[in-house]
Amino acid sequence: MTQPPEQLTMDDPTKGNKSKLPRGECRLSLAAGFGLVLLAVGVVVTAVLVTSHLTSCANGGPLSKKIGPAKAVKVVDVRLPTHLKPLYYKVDLIPYVEEAKNFTIDGKVWIDIDCLQATDKVTVHIKNITVTETSVRIYEIHEAQLSPSVTSLIADSLGGFYKSSYKDVGSNATRYLGTTFFEPIDARRAFPCFDEPQLKAKFEISLARRVNMSSISNMKKLNRTEPVQGMEGWLWDHYDISVPMSTYLVAFVVSDFENRVANGSLSRPEFRVWARKEAIKQAEYARDIGPRILAFYEAYFDIEFPLQKLDMIALPDFNQEAMENWGLITYRESAMLYDPRVTSDRAKINVATVIAHELAHSWYGNLVTMKWWSDLWLNEGFGRYVEYIGVNHVHPDWKISQKFVADLVQSVFLLDVLDSSHPIYIPVGHPDEISEIFDEISYSKGASIIRMMNHFLTEDTLRTGLTSYLKKWKYNNTVQDDLWESLTEAAHRQASLDPAITAKEIMDTWTLQKGFPVVHVERNYDTNEPTATFTQVHFQNSY
């Protein structure tokens, strides 16, 4: 489901005055309205443009077998201008997670931005937000702030900040909660933002909730919970300022769920699992293996998990199996909960695999993020490859690494041979196309070529190159050529690749074209020294 872009340009009464930033005003309201303050650093901004670009996330996630055709890039340019860079967001939300308040939200948003060049427009992403003239203001950073209050709605869909529910076993009453799913382009449905992965910023989240509920977000909650002014029985939870991250990784949940804290020395960072009261015992398995996999990854990547805490929560309604929000991983209940009395062995393997996959994203996707969705495989291919390593660590008796070829390589062969397949790297133009590449080519073929590199570079060289890549680009964004550069440097240093050859020369042939080759070998025994001639062509169904 998509919506066409909508734009609104506001005339600024101070336009033409280049001596200081203007005080042009407008108001964000709607179905998802917010007060918004943009704090510009350094350069002149003389008008306001608020833009609604985008779409909701379609089906076809990590386990989908869908292979979408590589459609032509749409002509419409919907990428944000490059003259502004967000530095910091302060987001205050009061979500009324109850029918009596019609699932509405009061919210305020402040954004600090860096003006990289003079401009007369500020463009941000919003979706389903009506703009009227009252509360968006631009100030120089040293001036006073404005913090207007407006009303929006908790979404009925499974994207943005949406409502979920479950039946209380004891009373049979319906219980509601508010949660988020922002990947790839739904943060704009929760608050106005620069909703592109390369525009990383720090986030300071404050959530209001009733005293009988709790809230969680990406970062650790500060020890300064305070009453909501004028609202008896409500409290503010304030969260620490985040590390730099992309908007699609921001997350928060307001619920009446219970949690369990992991025990022992492996609980650094603090590790908690959350579920509804009746299901919290089924989160014990996740609580056991989660910290062990996380600690293993820290050693494997030679990079410590950078946050103070990590929460994993099982949700009744969820669009995909799981989402790797940094510090707050959200799961569909069936992808995180395990009951040894009724859960099959296959389901248990799936729970372990999904957890290992999402924890791997703490490094591949969260710490280092693709610049744009064209390089999605840098997130998902690595997540799928590393999940086998993580599960093998906690369950070596399963011998899951021996299933890699049958599970991934052979199954993706059947898809990649189709005319409707696409390269691992595929230029994404209009955001309507983003959901099309969340498929088995990005996930399983991406993982398969990483396994191939492990064999021809050697595991030691691959790990050395990957660690170098992660350390060089931490808290930043990359394209696949950045990965090839780190792997080439490691391979040349360890003499596992001919100095005249680069990883890019080899791997571009696998990522920039679809399909795979079939190799023909012809032996010639008619000479004194038998020879062999090797040729390859694109493998097709006719073979």
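Please give the length that would be gained between V405 and E505 if that part of the chain were fully extended, namely 0.36 nm times their separation in residues minus their C-alpha to C-alpha distance (nm, one decimal). Write out the running numbers ahead of the final one.
Working: separation 100, 0.36 × 100 = 36.00 nm, distance 2.46 nm.
Taking 0.36 nm per residue and subtracting the Cα distance, the gain is 33.5 nm.
For segment 236-315, what relative contact order do you get, as a whole percent, if you take Cα pairs closer than 8 Å and at least 6 residues apart?
Answer for segment 236-315 is 30 percent.
Within a Cβ distance under 13 Å of P530, other residues only, what is the Lys/Arg minus Asp/Glu net charge?
-2
Would you please name the trypsin sites (Lys or Arg not before Pro) within segment 399-457 that are DSSP coil residues with at most 13 other C-beta atoms within 10 Å of their C-beta?
Answer by residue number: K399.
Keeping the other protein chains in place, figure out the carbon and sulfur percent of the accessible area of segment 232-351, with a 1.4 Å probe.
45 percent
What is the sum of charges around G327, taking Lys and Arg as +1, Asp and Glu as -1, for the other residues whose C-beta is under 12 Å from the C-beta of G327?
My count for the surroundings of G327 gives -1.
Carbon and sulfur atoms: what percent of the 1.4 Å accessible area of segment 357-413 do they account for?
Carbon and sulfur atoms account for 54 percent of the accessible area of segment 357-413.
Tell me the per residue accessible area of segment 203-278 using a 1.4 Å probe; a whole number in Å² is fine.
Per-residue value: 43 Å².
In sequence order, what are the phi-derived ³J(HN,Hα) couplings for segment 193-208 according to the Karplus relation 6.51 cos²θ - 1.76 cosθ + 1.60 with θ = phi - 60°, rounded to whole Hz, with x for glycine and proline?
Each residue of segment 193-208 in turn: 6, 8, 8, 10, x, 6, 8, 6, 7, 8, 10, 10, 9, 10, 10, 9 Hz.
Please compute the length gained on full extension between H455 and L222, using 0.36 nm multiplied by the number of residues separating them and subtracting their Cα-Cα distance.
Taking 0.36 nm per residue and subtracting the Cα distance, the gain is 79.2 nm.
For the pair W398 and Q494, what calculated FRET efficiency results from E = 1/(1 + (r/R0)^6), where r is the Cβ-Cβ distance and R0 = 45 Å, to the nearest 0.05?
0.90
Let's test the formula: R0 of 25 Å, r as the Cβ-Cβ distance of D168 and A347. What FRET efficiency results, to the nearest 0.05?
According to the calculation, E is roughly 0.50.
Relative to the present Cα-Cα distance, how much length would full extension add between A118 and E98 at 0.36 nm per residue of separation?
Values: separation 20, 0.36 × 20 = 7.20 nm, distance 4.52 nm.
Result for the pair: 2.7 nm of gain on full extension.
Please report the net charge: other residues with Cβ closer than 15 Å to the Cβ of W510, K and R +1, D and E -1.
-1
What shape does segment 425-535 have by the C-alpha gyration tensor, where a ≥ b ≥ c are the square roots of the eigenvalues, rounded means a/c under 1.5, and otherwise prolate means a/b greater than b/c and oblate the rest?
The shape class here is oblate.
Under a 1.4 Å probe, what is the accessible area of segment 416-543 per residue, stated in Å²?
Here the per-residue accessible area is 50 Å².
Given contacts defined as C-alpha pairs under 8 Å and at least six residues apart, what's the relative contact order of segment 329-449, whole-number percent?
Values: 120 pairs, mean separation 34.4, N = 121.
It rounds to 28 percent for segment 329-449.
Among K90/K472; K90/K277; K90/K200; K309/K445; K399/K514, which pairs are too far apart, with a Cα-Cα distance over 21 Å? All intermediate terms of the calculation are to be shown ahead of the outcome.
Numbers: K90/K472 28 Å; K90/K277 32 Å; K90/K200 14 Å; K309/K445 32 Å; K399/K514 31 Å.
Too far apart for the 21 Å limit: K90/K472; K90/K277; K309/K445; K399/K514.
The values are calculated or read from the model by the stated rules, or taken from the named source; none is laboratory data. These numbers were taken from a predicted model, which means no experiment stands behind them. Because the Cβ atoms are built from the backbone with ideal geometry, glycine has one as well, and the counts that use them run over all protein chains shown. All accessible areas refer to the heavy atoms of the entire protein, side chains included, with ligands and DNA or RNA removed. Shrake-Rupley method; radii C 1.70, N 1.55, O 1.52, S 1.80 Å.
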